[in-house]
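Just below is one structure, and these are the notes that go with it.
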Amino acid sequence: MEFEAVDGSGVLLDMRSGKYFRLNETGSEVWRLLAETSDPDEITTKVSTSHDLRAVDIRGDIDSLLGEMVRLGVVVAEG
């Protein structure tokens, strides 16, 4: 999977299938954080801090994004 930042957002390209996925600014931030941790709590904390939001308010969105990434085969769930 290749990631390219584009004007604050990003594009993921699956080199095997040729499929690409567009990410908004927050999705791009989550993608970069996945290189550091796969813990949804840590990702939520870091995103909430960088955007001055309450973690409880964005946790559902983070979980939805991570679930969609797993469903599309962009990332593999642990455990």
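The values are calculated or read from the model by the stated rules, or taken from the named source; none is laboratory data. Since this is a predicted model, take the numbers as computed values, not measurements. Because the Cβ atoms are built from the backbone with ideal geometry, glycine has one as well, and the counts that use them run over all protein chains shown.
Structure notes:
- Close pairs from the range 53-79: first farther than 14 Å from D39 by Cα, partner assigned to a helix (DSSP H, G or I) and of a type in the set (S, T, Y), Cβ under 8 Å, at least 6 apart: R54/S48; D57/S48; I58/T44; I58/S48; D61/T26
- Wholly enclosed helices (runs of 4 or more DSSP H) of the chain bearing at least 2 residues hydroxyl-bearing (S, T, Y) and surrounded by 14 or more Cβ atoms within 10 Å (Cβ to Cβ): 25-34, 40-50
- Every test in (1) on the phi > 0 side of the Ramachandran plot; (2) at pLDDT below 95; (3) not β-branched (V, I, T) is passed by E36 save one, and that test is (1).
- Residue in the range 16-27 that is basic (K, R) and modelled with pLDDT of 95 or more present: no
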